[in-house]
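Trainee: What follows is a structure written as structure tokens; I'll ask about it next.
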There are 2 protein chains.
Amino acid sequence: MKTFRIFCNISVDAAAMKMLKESVTPHVLLEPGSTEGSLSTSDVAFGQPNPSEALQSGTLKWIHLSSAGYTRYDTDAFRQSAQKLGLQLTNSSSVYDSPCAEQLFSFMMAQSRGLVEALKTRTTNGGPVWAKLRYNCRTLTGQSVLILGFGAIARRLVELLAPFHMNISAYRRTPTGDEGLPMVSTEGLPAALAAADHVINILPENAGTISFFSAERLDEIKPGAVFYNIGRGTTVDQLALAEALNSGRLAAAWLDVTEPEPLPDEHPLWKISNCHITPHIGGGRHEEGEALVNHFLQNLERYAHEKNLQDRVI
Amino acid sequence: MKTFRIFCNISVDAAAMKMLKESVTPHVLLEPGSTEGSLSTSDVAFGQPNPSEALQSGTLKWIHLSSAGYTRYDTDAFRQSAQKLGLQLTNSSSVYDSPCAEQLFSFMMAQSRGLVEALKTRTTNGGPVWAKLRYNCRTLTGQSVLILGFGAIARRLVELLAPFHMNISAYRRTPTGDEGLPMVSTEGLPAALAAADHVINILPENAGTISFFSAERLDEIKPGAVFYNIGRGTTVDQLALAEALNSGRLAAAWLDVTEPEPLPDEHPLWKISNCHITPHIGGGRHEEGEALVNHFLQNLERYAHEKNLQDRVI
């Protein structure tokens, strides 16, 4: 088996780093703290290498990103250069798809059971406050969902939603036909937004998605619907979202991502009681470092045997 | 078809009552507000009839309760008398099983994603507060669940948990063999409690379940596990539960039911930050009255055609 020189600038806990060092043999790990220059002599990069330096390396053939997001690499220029060089790019979306999907799902469940309000309320059974809390509870069964951005997170979310028998459709940049559910075209988006009870934004950030949810598009969403964002904060016009919540058109918003993070203290979204914000923890999982390293090692095994890489994005 | 006189003391909204009146023909509805005496001339009772008056009626053959709980009827004396009289008792558990299961599930998801704390935290990506929030996040996949009380709510919960591939076992008074998952015996309970990451109490209230979760039994639960109660508050020694939380043995408790409801303001459980209490809203659903009436009408149809009744408990 060929042995590779692996540039590595991941940031994980000591136990995960120890596991990587012990398991990577016979390949050579260029440890974190090595100079960026080592990119120029490495075959593989694991972490967050600088995109232009990666393209200038004469030897690099595969980058495995330690994140699910790959905004810095998602440009026409990078794609074209990578293609010329025979450079593959994979990401760690398999590590983050389940946690992100579960985070989104926890938002949907909390919303449907009125959990935030109920946890704050001490009331007597049978009284009007109690009756209102109960009346505002929903079951998800039979409701409709529109998912924007259909990658690994969305696929996992669809699995989690299966027992609820919801009406799910999705929108993505380039449908592949294997999504297994009705796909919405760009032309069909207004009608789909006007029909969904839950609008779920998992769009990545790129030139085509900045402010995707503009004031106009937010206005196409069905009155009373719930808006979720676990993609990137930049894909939403946040002042327009605040307006849609303040006017009562949207029932609620649940955001794990904002622009910037955190929002400044004076931002209107902080003041809206039905705007629920978590600080970009969707990908969080107890054994994150270990999972990242394991995922890379599995892909390294595939690479060494010239098999197709998992989570390839370029 | 035989026509029945139906005693009715349900409490639902006007739309649901209108639907009941319009759909119940050719049977005769003895409307809410009729004297309790009408029980003595009715064939069927829908609502919450007084148990001893129901037994004294010379004509009553079927009671359909408008609740899932049936504590007042769940006595040896009532069971024996009902059997002698050929009196059937059904409840509305099919109306409440999905909402209750979803409520429980919303607790599990909120706990596993640290939602209560995350929603209160404004923090910067990459900082120590952020890293701790992410580290405390879990995915449910692979964790273990013990369900105590295995009726309709538990069955629905098991369906909802299916995509997570958890290790689920259950305990119930009288296993029937059709539960479809490993059942724990009374002798096996200590070991099962010591193994489960999530201990879910859906026990009904009866002579055998009062203070079922005594200090001793709570002490058998695995350190770091999470305790949930959506059955009845009386099945738990609440001061012992407060002690188990304060000592750090249990990671958290999620309670939709307490004894009494609400707990008095000075109760120690209110002061424990990882004890999360909602005010008995588990059964809440937007169209509750309509669902209750529909469920009764479906059972009435069965009754009129001498078919087996749904949700029969006696």
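The values are calculated or read from the model by the stated rules, or taken from the named source; none is laboratory data. Keep in mind the model is a prediction, meaning the values are calculated, not measured. No Cβ is skipped: glycine too gets one built from the backbone with ideal geometry, and neighbour counts run over all protein chains shown.
Trainee: Please indicate, with yes or no, whether at least one residue in the range B:90-100 is within 26 Å of the chain's Cα centre (by Cα), surrounded by fewer than 16 Cβ atoms within 10 Å (Cβ to Cβ), more than 10 Å from chain A (Cβ to nearest Cβ) and part of a loop (DSSP other than H, G, I, E, B).
Mentor: Within the range B:90-100, none of the residues are within 26 Å of the chain's Cα centre (by Cα), surrounded by fewer than 16 Cβ atoms within 10 Å (Cβ to Cβ), more than 10 Å from chain A (Cβ to nearest Cβ) and part of a loop (DSSP other than H, G, I, E, B).
Trainee: Only residues that are assigned to a strand (DSSP E or B) and free of Cβ contacts under 8 Å to residues at least 60 places away in the same chain: list them for the range A:200-240, please. Before you say what the answer is, go through the steps one by one.
Mentor: In the first step, residues of the range A:200-240 are kept if they are assigned to a strand (DSSP E or B); the result is A:200-201, A:213, A:226-229, A:236.
Once the filter is applied, which keeps residues that are assigned to a strand (DSSP E or B) and free of Cβ contacts under 8 Å to residues at least 60 places away in the same chain, the range A:200-240 yields A:N201, A:F213, A:F227, A:N229, A:V236.
Trainee: Shifting gears a bit: Determine the pairs where a residue that is more than 7 Å from chain B (Cβ to nearest Cβ), located within the range A:274-291, has a partner that is in a loop (DSSP other than H, G, I, E, B) and modelled with pLDDT under 95 with Cβ atoms under 6 Å apart, the partner being 6 or more residues away or on another chain.
Mentor: A:G289/A:V12; A:G289/A:D13
Trainee: Another question about this same structure. From the set of residues in the range A:112-127 that are within 26 Å of A:T141 (Cβ to Cβ) and not in a loop (DSSP other than H, G, I, E, B), which is farthest from the other protein chains (Cβ to nearest Cβ)?
Mentor: So the residue we want is A:E117.
Trainee: Could I ask something else about it? Tally time: how many residues in the range A:160-199 are touching a residue at least 40 places away in the same chain (Cβ under 8 Å) and in contact with a helix residue (DSSP H, G or I) (Cβ under 7 Å, 6 or more places away or on another chain)? Can you show your working first?
Mentor: Step one: of the range A:160-199, the residues touching a residue at least 40 places away in the same chain (Cβ under 8 Å) are A:160-161, A:192-193, A:195-199.
Add one more test, that the residue is in contact with a helix residue (DSSP H, G or I) (Cβ under 7 Å, 6 or more places away or on another chain), and what stays is A:160, A:193, A:198-199.
Matching residues across the range A:160-199 total 4.
Trainee: The conditions are (1) assigned to a helix (DSSP H, G or I); (2) more than 19 Å from the chain's Cα centre (by Cα), and B:H295 fails exactly one of them. Which is it?
Mentor: Status for B:H295: all satisfied but (2).
Trainee: Which one of these does B:M109 not meet: (1) touching a helix residue (DSSP H, G or I) at 6+ places or on another chain (Cβ under 7 Å); (2) assigned to a helix (DSSP H, G or I); (3) surrounded by fewer than 21 Cβ atoms within 10 Å (Cβ to Cβ)?
Mentor: Going through (1) touching a helix residue (DSSP H, G or I) at 6+ places or on another chain (Cβ under 7 Å); (2) assigned to a helix (DSSP H, G or I); (3) surrounded by fewer than 21 Cβ atoms within 10 Å (Cβ to Cβ) one by one, B:M109 breaks only (3).
Trainee: Now for a different question. Could you identify the single residue in A:A82, A:A162, A:A154 that is surrounded by 22 or more Cβ atoms within 10 Å (Cβ to Cβ) and either touching a Phe, Trp or Tyr at 6+ places or on another chain (Cβ under 6 Å) or modelled with pLDDT of 95 or more (or both)? Explain how you work it out, then say what you get.
Mentor: On the way: A:A82 fails: surrounded by 22 or more Cβ atoms within 10 Å (Cβ to Cβ); A:A162 fails: surrounded by 22 or more Cβ atoms within 10 Å (Cβ to Cβ).
Result of the check over A:A82, A:A162, A:A154: A:A154.
Trainee: Now a separate question. Could you list, in sequence order, the residues of the range B:147-179 that are within 21 Å of A:F164 (Cα to Cα) and either among the charged types (D, E, K, R) or within 12 Å of chain A (Cβ to nearest Cβ) (or both)?
Mentor: B:R155, B:R156, B:L157, B:V158, B:E159, B:L160, B:L161, B:A162, B:P163, B:F164, B:H165, B:E179
Trainee: Taking the range A:40-54 as the region of interest, how many residues are of a type outside the set (S, T, Y) and crowded, with 22+ Cβ neighbours inside 10 Å? It would help to see each step written out before you state the result.
Mentor: The first filter runs over the range A:40-54 and keeps only residues of a type outside the set (S, T, Y), leaving A:43-51, A:53-54.
This time we only want the ones that are crowded, with 22+ Cβ neighbours inside 10 Å, so: A:44-46, A:49, A:54.
Total satisfying the criteria: 5.
Trainee: Considering only residues that are of a type in the set (K, R) and surrounded by fewer than 24 Cβ atoms within 10 Å (Cβ to Cβ), look in the range A:112-123 and name the one that is farthest from A:H64 (Cα to Cα).
Mentor: Taking the range A:112-123 and keeping what is of a type in the set (K, R), we get A:113, A:120, A:122.
Right, trim to surrounded by fewer than 24 Cβ atoms within 10 Å (Cβ to Cβ) and you get A:120, A:122.
Numbers: A:K120: 44, A:R122: 50 Å.
In this case the residue turns out to be A:R122.
Trainee: Which residue pairs have Cβ atoms closer than 6 Å, lie 6 or more positions apart in sequence or on different chains, and pair a first residue in the range B:90-102 that is among the charged types (D, E, K, R) with a second residue that is not in a strand (DSSP E or B)?
Mentor: B:D97/B:A152; B:D97/B:I153; B:D97/B:R156; B:E102/A:T139
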